[in-house]
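Contents: one structure, followed by commentary.
The values are calculated or read from the model by the stated rules, or taken from the named source; none is laboratory data. Values in this document were obtained by computation on a predicted structure and should not be read as measured data. Quick reminder, even Gly has a Cβ in these numbers, built from the backbone with ideal geometry, and neighbours come from all protein chains shown.
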């Protein structure tokens, strides 16, 4: 007896997702990743191996999961207008959760800096801490990140206008600037005269800028995937929901960096 595919006869515009092994794989991979990270930081044996295993499985699961999503939207036509609306709403909610994550870090920063404890000398930055010059690498990184936001917007509008060359150039320049930003932040960390263990200043500095740096890396991967899909003719002027999500994420990263530059580097380092 032939198996009937009910999706062929559905009377609604929504996508009923087929059973997939990737969500359960990613969930256990993330559990291994976080457990390995804690074990490694606490000096437990084999914590580094569990960390590497969890990271490898997480990346593998995400690649396979996203591959299926791209197939569903690009080749199978499951991403109708209603499905795209749901995806955008879900991504906006994700951005909101990210806002609250950074809100907690900024809360810790202002709590410690507006009323410095006597244990750190009652001043901010604490005694013995030489803050980084905000008008050196941080200012250059600000220029790079804001320029990347302009280029990704240019590429987006070029894609909508059917200008394939403009879309490719704008997206490629964004990737280059993002990689330069990450490289300069690595140089900044290498030359810093304090570490994450140097009082509350070092903790909130590396927690805030490091969390942002992680988001820059994720956003860069996001845009690289979009760039590859543009090259392969996956994205059109009317169907590029994944690219728009990546652009939204990148603008969020831009805005957070402005707050970091003004609060942590400029005001917090004076």
Can you report the number of residues in segment 8-31 which are within 22 Å of residue 221 (Cα to Cα) and surrounded by 15 or more Cβ atoms within 10 Å (Cβ to Cβ)?
5
Picking from 194, 181, 151, the residue that is at pLDDT 95 or above and under 28 Å from residue 270 (Cα atoms) would be 181
As an exercise: evaluate residue 78 against (1) modelled with pLDDT of 85 or more; (2) over 29 Å from residue 191 (Cα atoms); (3) in contact with a helix residue (DSSP H, G or I) (Cβ under 6 Å, 6 or more places away or on another chain) and give the number of the one condition it does not meet.
(1)
What are the residues in segment 161-211 that are part of a loop (DSSP other than H, G, I, E, B) and farther than 19 Å from residue 120 by Cβ, if any?
161, 162, 163
I'd like the residue in segment 111-129 that is in a helix (DSSP H, G or I) and surrounded by 14 or more Cβ atoms within 10 Å (Cβ to Cβ) and, out of all such residues, is modelled with the lowest pLDDT.
120
Tally time: how many residues in segment 32-50 are in a helix (DSSP H, G or I) and surrounded by fewer than 16 Cβ atoms within 10 Å (Cβ to Cβ)?
6
Restricting attention to segment 166-179, and to residues there that are buried (at least 16 other Cβ atoms within 10 Å of the Cβ) and without any contact (Cβ under 8 Å) to a residue 40 or more places away in the chain, which single residue is farthest from residue 138 (Cα to Cα)?
166
In the list 163, 237, which residue meets the criterion of being more than 18 Å from the chain's Cα centre (by Cα) and free of Cβ contacts under 8 Å to residues at least 24 places away in the same chain?
163
How many residues are surrounded by fewer than 14 Cβ atoms within 10 Å (Cβ to Cβ) and not in a helix (DSSP H, G or I) if we restrict to segment 130-150?
4
Within segment 72-85, can you find the residues that are exposed (fewer than 14 other Cβ atoms within 10 Å of the Cβ) and within 16 Å of residue 240 (Cβ to Cβ)?
75, 77, 81, 85
Extreme residue, surrounded by the most Cβ atoms within 10 Å (Cβ to Cβ), among residues of segment 212-245 that are assigned to a helix (DSSP H, G or I) and at pLDDT below 90:
242
Please enumerate the residues belonging to segment 18-54 that are within 30 Å of residue 79 (Cα to Cα) and free of Cβ contacts under 8 Å to residues at least 24 places away in the same chain.
18, 19, 21, 24, 27
Subset of segment 101-118 [without any contact (Cβ under 8 Å) to a residue 24 or more places away in the chain and farther than 18 Å from residue 210 by Cα]:
111, 114, 115, 116, 118
